[in-house]
Amino acid sequence: MMRRPILAANWKMHMDRAEAGDFIAGFLPRVEQASAVDIVIAPPATALDRVGAALEQSSVQLAAQNVNAEAKGAFTGELSPAMLREIGCRYCIVGHSERRALYGETSEGVAAKAAALLGVGIRPIVCVGETLEERETGRTHDVVGAQLAGSLAGITTDQATELVLAYEPVWAIGTGKTATPELAQEVHSFIREHLCGRFASAGNEIRIQYGGSVKPDNVAAIMAQSDIDGALVGGASLEPESFARIVQFDCPENT
Ligand code: PGA
């Protein structure tokens, strides 16, 4: 099964509008040859319009970092799926471990967001991953399995191929400690089995990204694993040159 690689930048709470504009101006000329991969950029909400406008003539796609599952209403500070669609988002990250840990996001809430996004034609990037303590006590599969079951609860088999999964071991995020490619592959293959159990053969088409300290010099080895179809990149996506090297992970001069 050939799955089209998908490399996504998660800028988190970085980049003002001017910095975001400068990034895109520096990034697009560097990735003109990268036509065999999907490239996605998730700026903070304040830069969505600016980045979206700068990406218009390119194949790079815009993503949001969060959404509210409701269509409209009295939800101060929140943005609806249709609002994100209107501003040009084609993808949206949901259930990032920072949101699960810091803002009390539950798999049930993630499931509602993912279903609402699919309803307006935005592809959810659903994040799962274990903490160090969960890994060290042998609970990785239990934790990731429960996150998957909960977070994908509302998705139908027809919608499954629109999904993107991101496996992000919490202990590898922003720490410089990347999971070894073999360790990541072991969990990706567990996720693949779960997706095939849930969505039958469509599970083989769903792309699963790895996230956690992905850098230009480790991305090729990670991408070489059979069930790793992309990367969700935080820190190393903030410089145009660095993220451009990551999306061109298969270039010889990059390794
Ligand atoms: P990192 O973040 O690349 O800085 O580890 C990845 C993420 O949290 O998506």
| request: Hey, could you check the range 59-85 for residues that are open to solvent by 70 Å² or more (accessible area, probe 1.4 Å) and of a type in the set (Gly, Ala, Ser) and say which is nearest to Gly109 (Cα to Cα)? | output: Ala71
| message | Restricting to the range 77-118, name every residue that is within 16 Å of the ligand (Cβ to nearest atom), in a helix (DSSP H, G or I) and not hydroxyl-bearing (Ser, Thr, Tyr). | response | Glu98, Arg99, Arg100, Ala101, Leu102, Val110
| remark: Inside the range 1-40, the number of residues satisfying the requirement of being within 16 Å of the ligand (Cβ to nearest atom), open to solvent by 10 Å² or more (accessible area, probe 1.4 Å) and either farther than 27 Å from Glu98 by Cβ or among the small types (Gly, Ala, Ser) (or both) is 0
| When residues of the range 224-241 are limited to those that are assigned to a helix (DSSP H, G or I) and more than 12 Å from the ligand (Cβ to nearest atom), the one least open to solvent (accessible area, probe 1.4 Å) | Pro240
| said: I want to confirm something. Restricting to the range 187-223 and keeping residues that are among the aromatic types (Phe, Trp, Tyr) and in a helix (DSSP H, G or I), which single residue is nearest to the ligand (Cβ to nearest atom)? | reply: Phe190
| request: Could you identify the single residue in Gly121, Gly174 that is more than 16 Å from the ligand (Cβ to nearest atom), at positive phi and open to solvent by 30 Å² or more (accessible area, probe 1.4 Å)? | output: Gly121
| message | I'm trying to understand the selection: among the residues of the range 23-52, which are assigned to a helix (DSSP H, G or I) and free of Cβ contacts under 8 Å to residues at least 12 places away in the same chain? | response | Pro29
| said: Go through the range 150-171 and report how many residues are more than 16 Å from the ligand (Cβ to nearest atom), hydrophobic (A, V, I, L, M, F, W, C) and either over 25 Å from Gly119 (Cα atoms) or more than 18 Å from the chain's Cα centre (by Cα) (or both). | reply: 1
| request: From (1) within 17 Å of the chain's Cα centre (by Cα); (2) farther than 25 Å from Val37 by Cα, pick out the condition that doesn't hold for Gly234. | output: (2)
| request: Give the residues of the range 157-171 that are within 18 Å of Pro5 (Cβ to Cβ) and surrounded by fewer than 20 Cβ atoms within 10 Å (Cβ to Cβ), sorted by residue number. | output: Thr161, Glu162
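The values are calculated or read from the model by the stated rules, or taken from the named source; none is laboratory data. In this text, all values refer to a predicted model and were calculated from it rather than measured experimentally. FYI the Cβ positions are ideal-geometry reconstructions off the backbone, even for glycines, and counts take in every protein chain you see. Protein only, heavy atoms only, side chains kept; ligands, DNA and RNA dropped before computing areas. Shrake-Rupley method; radii C 1.70, N 1.55, O 1.52, S 1.80 Å.
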